[in-house]
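Q: I have a structure I would like to understand better, so I am pasting it below and will then ask my questions one at a time.
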Amino acid sequence: MHRPMLQLALDTFDLPSALAPMQIARDHIDVVEAGTILCYAEGMHAVRALRALYPDKVLLADVRIAEAGSIIAKLAFDAGADWVTVVSGATPATMEVVLTEARKRGGDVQLELIDGWTWEQAAAWRALGIEQVIAHRSRDGEALGDLSWKPGDFDEMRRLADLGFKVTVAGGVEVGDLPLFADVPIHVFTVGRAIRSADDPAAAAAAFQEAITRTYGAVAAD
């Protein structure tokens with residue numbers, strides 16, 4: 001099992017508030033995310049700025065494409081994104097054109113799993129060429145204030161990995177959660193507030209990297 005990457009979700013309302021924690025934590029971050037809120041607030045200017053400042057990082061534009069896939073994907077990739085996100089409610093045609101734009105540029109697509117998807121759809125997405133999915137902890141539990149990870153969450157991630165997906169975990173991930181994933185193949189852990197709002201974002205990010213190493217070892221991810 002390979003060592004997961006650490007992604008910092010910059011879901012802020014303006015670029016300066018995104019750049020401040022990223023600049024402090026940069027040495028410990030593998031993937032920098034221009035979050036959905038940041039993309040709405042600042043547009044592709046945010047993606048271009050992050051690309052210019054962090055040319056050595058994988059850059060995700062979390063644009064959550066639902067339609068107009070070719071246009072939005074072009075905007076994000078042309079701004080410097082390596083990866084873009086598509087929601088699982090998008091049509092196969094939309095996913096296909098986003099994949100086409102990604103492949104033209106050597107990029108990739110993350111499919112964000114929203115409530116209501118099926119395993120039949122998952123198999124079809126994999127057959128279409130989708131390689132990455134984003135899995136969240138139970139949405140129903142979160143709505144009720146239960147922020148714990150459930151056995152069903154891990155079972156779902158393992159099954160997705162068995163289908164050939166690279167699984168990204170998102171949804172209030174805390175450093176103490178990581179040992180729970182010891183036998184789950186994870187491609188990326190996405191962390192937002194736990195690093196972004198920490199008194200020392202660098203120390204917080206380093207703690208996540210240390211927890212990843214303790215859980216998975218030091219072998220780099222593909």
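The values are calculated or read from the model by the stated rules, or taken from the named source; none is laboratory data. Everything numeric here is computed off the predicted structure, so don't read it as measured data. Here the Cβ is made from the backbone with ideal geometry for all residues, glycine too, and neighbour counts use every protein chain on show.
Q: Which one of the conditions (1) small (Gly, Ala, Ser); (2) out of contact with any Leu (no Cβ under 8 Å at 6 or more places or on another chain); (3) under 24 Å from residue 160 (Cβ atoms) does residue 43 fail to meet, given that it meets all the rest?
A: The number of the failed condition is (3).
Q: Here's another thing I want to ask about it. Report every pair of residues separated by at least 6 positions or lying on different chains whose Cβ atoms are under 6 Å apart, first residue within the stretch 1-19 and closer than 17 Å to residue 60 by Cα, second assigned to a strand (DSSP E or B) and among the hydroxyl-bearing types (Ser, Thr, Tyr).
A: 7/190; 9/190
Q: Determine the pairs where a residue that is under 16 Å from residue 65 (Cβ atoms), located within the stretch 112-124, has a partner that is in a helix (DSSP H, G or I) and of a type outside the set (Phe, Trp, Tyr) with Cβ atoms under 9 Å apart, the partner being 6 or more residues away or on another chain.
A: 113/122; 113/156; 113/160; 114/139
Q: With 41, 90, 79 as the choices, which residue is closer than 23 Å to residue 157 by Cα, buried (at least 17 other Cβ atoms within 10 Å of the Cβ), aliphatic (A, V, I, L, M) and more than 17 Å from the chain's Cα centre (by Cα)?
A: Details: 41 fails: closer than 23 Å to residue 157 by Cα; 79 fails: closer than 23 Å to residue 157 by Cα.
Result of the check over 41, 90, 79: 90.
Q: Regarding residue 199, is this residue at pLDDT 95 or above, on the phi < 0 side of the Ramachandran plot and assigned to a loop (DSSP other than H, G, I, E, B)?
A: yes
Q: Could I ask something else about it? So which residues in the stretch 22-50 are part of a loop (DSSP other than H, G, I, E, B) and in contact with a helix residue (DSSP H, G or I) (Cβ under 8 Å, 6 or more places away or on another chain)?
A: 29, 35 - these are the residues of the stretch 22-50 that are part of a loop (DSSP other than H, G, I, E, B) and in contact with a helix residue (DSSP H, G or I) (Cβ under 8 Å, 6 or more places away or on another chain).
Q: Right, next: Out of everything in the stretch 51-67 that is touching a helix residue (DSSP H, G or I) at 6+ places or on another chain (Cβ under 8 Å) and under 24 Å from residue 93 (Cα atoms), what residue ends up being surrounded by the most Cβ atoms within 10 Å (Cβ to Cβ)?
A: Once the filter is applied, the top-ranked residue is 61.
Q: Still on this model: Criterion first (of a type in the set (S, T, N, Q), surrounded by 14 or more Cβ atoms within 10 Å (Cβ to Cβ), in contact with a Gly (Cβ under 9 Å, 6 or more places away or on another chain) and not in a helix (DSSP H, G or I)) does residue 168 satisfy it?
A: Here the answer is no, as residue 168 does not meet what is asked.
Q: Let me ask something additional. Are there any helices (runs of 4 or more DSSP H) wholly within the stretch 64-137 with 3 or more residues that are under 17 Å from residue 32 (Cα atoms) and of a type outside the set (Val, Ile, Thr), and if so which?
A: Once the helices (runs of 4 or more DSSP H) in the stretch 64-137 are filtered for at least 3 residues that are under 17 Å from residue 32 (Cα atoms) and of a type outside the set (Val, Ile, Thr), what remains is 69-78.
Q: Next up: Please work out which residue is nearest to residue 20 (Cα to Cα), limiting yourself to the stretch 178-222 and to residues that are of a type in the set (S, T, N, Q) and surrounded by 17 or more Cβ atoms within 10 Å (Cβ to Cβ).
A: Checking each candidate, the answer is 190.
Q: When only residues in the stretch 138-165 that are part of a loop (DSSP other than H, G, I, E, B) and at pLDDT 95 or above count, which is nearest to residue 112 (Cα to Cα)?
A: This residue is 165.
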